[in-house]
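> First, the structure itself, so that you have it in front of you.
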Amino acid sequence: MSMMFILREAFDWLIRVIEFLILVRVLLSWIPINRNNSIISLVYTLTEPVLAPIRNLLFKSPLGGSGMMLDFSPIIACILLDLIRSFVLTII
């Protein structure tokens, strides 16, 4: 196997894992569960660096603000991750 193939697969796998963790986080947000659980804490710790900047941008935008009832940052993050994956995989 070539090094480029391994690099492509590793990057694709990394993006898919992040998207899966975001989905798990969204599903966990619907369940009344203790956030002090180590697994739940790990999911939040791994996804927050991706979601927090998007959430901050949404808050500052005209669409966001303090009156926003739903958090659209997971949707936007998944769309951006797909775009990044497509862009990087075409380059590699």
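Nothing in this text is a laboratory measurement; each read-out follows from the coordinates by a stated rule. Because the structure is predicted, anything quoted here is derived from the model rather than measured. Every residue, glycine as well, gets a Cβ built from its backbone with ideal geometry; the counts of neighbours run over all protein chains shown.
> Using the Karplus curve 6.51 cos²θ - 1.76 cosθ + 1.60 with θ = phi - 60°, work out ³J(HN,Hα) for each residue of segment 77-89 in order, rounded to whole Hz, and write x for Gly and Pro.
Working through the residues one at a time gives 4, 5, 5, 5, 5, 5, 5, 5, 4, 4, 4, 5, 5 Hz.
> Based on DSSP H runs of at least 4 residues, each adding -39500 (n - 2.57), what is the mean residue ellipticity at 222 nm of the chain after dividing by all its residues, to the nearest 500 deg cm²/dmol? Please report the intermediate quantities before stating the final value.
On the way: 3 runs with 69 residues, N = 92.
Result for the chain: -26500 deg cm²/dmol, rounded to the nearest 500.
> I would also like to ask the following. Gain in length, Leu46 to Leu70, computed as 0.36 nm per residue apart minus the alpha-carbon separation, to one decimal in nm?
The span from Leu46 to Leu70 would gain 6.6 nm if fully extended.
> Nearest 0.05, what FRET efficiency do Leu58 and Arg8 give at R0 = 35 Å with Cβ-Cβ as r?
On the way: r = 31 Å, r/R0 = 0.89.
My answer for the efficiency is 0.65.
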